[in-house]
Protein chains: 2
Amino acid sequence: MTRWPIPDPMARALALARSAAAEGEVPVGAVVVRAGEVIGEGRNAPRGTHDPTAHAEVAAIRAAASTIGDERLTDCDLYVTLEPCAMCAGAIVHARIARLYYAASDPKGGAVAHGARVFDHPQCLHRPEVYSGIGEAEAADLLRTFFRARR
Amino acid sequence: MTRWPIPDPMARALALARSAAAEGEVPVGAVVVRAGEVIGEGRNAPRGTHDPTAHAEVAAIRAAASTIGDERLTDCDLYVTLEPCAMCAGAIVHARIARLYYAASDPKGGAVAHGARVFDHPQCLHRPEVYSGIGEAEAADLLRTFFRARR
């Protein structure tokens, strides 16, 4: 567990995660940043939108690509509160995200440091720099509180 | 290479792949079927839509989930002309697709029988039945013709 001031984009991702929880969605939030500016953001919304692909990262990437009118988010960073799953890690590859920052680790559903380890195969077309742990306590607490309330 | 009559949903996926190629997109098409009826279809469109997540499978799954108003596509089958990548395999897991039929194998970008092998990890929440090879010659020929013309 890292104790460190939370960078603004991760603070925004945590706020998005909180707003997801308020709507009954698993609390995960994400933002895409280019040159210090947020160009896309998203929160988990599969239940409300009836869209199994509506994870925070996919929403943030789609929004950012739409903002700049380019399917490639070269030179962009993605901040997300939870370790991406295989679907989202794949989306990060396709978008050519330069740096991935995630807060909480996800041994069950994560596919960066666990399971499918999407970036770690020779076939992987693009591997972002990966950083993790900052905001972990806050992100994990949001998830714990959410699931405890649902039990 | 399998020689076998092409089932209707795969024939439709191949037609969608052809229409993608006509718009300058990598020719891949997909349909979701429930009880013999197509409830969602999609074709590759990341260039035209500036959306790196706009793969045929994601589009078909989103359309099908919207059609039935449920993020879970239990009892639904997905037909796609190319082996799904990690992103699309992850989307198939989240959607709880019952059976996956793909035509051409993709040793470079595929993540079902290659690379990340998304369904083959103990963490994988849902594993569809997987069938492959029918329509392979047609799907591979579309891709070859497309990339040859671009060189």
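Every number in this text was worked out from the coordinates using simple rules, so none of it is lab data. In this text the structure is predicted, and so the values were computed from the model without any measurement. We place every Cβ from the backbone using ideal geometry, glycine too, and count neighbours over all the protein chains shown.
Worth a mention:
- Largest GNM mean-square fluctuation across B:Leu125, B:Leu82, B:Leu16, computed for chain B with C-alpha springs under 10 Å, falls on B:Leu125.
- Förster-model FRET efficiency, 22 Å R0, B:Ala149 and B:Ser19, C-beta, rounded to 0.05: 0.90
- Candidates A:Cys85, A:Cys124, A:Cys76: whichever shows maximal mean-square fluctuation once chain A is modelled as a Gaussian network with Cα springs under 10 Å: A:Cys124
- Over segment B:1-107, the fraction of Cα-Cα pairs per 5 Å bin, rounded to whole percents and listed from the shortest bin up, is 3, 14, 26, 26, 19, 10, 3, 0.
- Separation of alpha-carbon centers, segment A:59-129 and segment B:107-131, rounded to whole Å: 18
- Counting other Cβ atoms within 10 Å as a rough exposure proxy, the listed residues A:Arg12, A:Arg148 run A:Arg148, A:Arg12 from fewest neighbours to most.
- As a size descriptor, the averaged projected area of the C-alpha convex hull of the protein assembly as shown was calculated at 15.2 nm².
- Other residues lying with their Cβ under 15 Å from the Cβ of A:Leu16 contribute a combined charge of -2, Lys and Arg counting +1, Asp and Glu -1.
- Sorted from nearest, the other copies put their B:Phe147 label points 4.1 nm away, the label point being 7 Å from Cα in the direction of Cβ.
- Using alpha-carbon coordinates, inclination of helix A:56-68 to the longest axis of chain A, degrees: 40
- Between helix B:8-22 and chain B: long-axis angle, C-alpha atoms, 0 to 90°, nearest 10: 50
- The calculated 222 nm mean residue ellipticity attributable to helices in chain A amounts to -11500 deg cm²/dmol, summing -39500 (n - 2.57) over DSSP H runs of n ≥ 4 and dividing by all residues.
- Cβ-defined net charge surrounding B:Leu78, 10 Å radius [Lys, Arg +1; Asp, Glu -1]: -1
- Two-site label geometry, B:Asp75 and B:Ala137: point separation in nm, points 7 Å out along Cα→Cβ: 3.6
- C-alpha long axis of helix B:86-95 to longest principal axis of chain B, angle in °: 40
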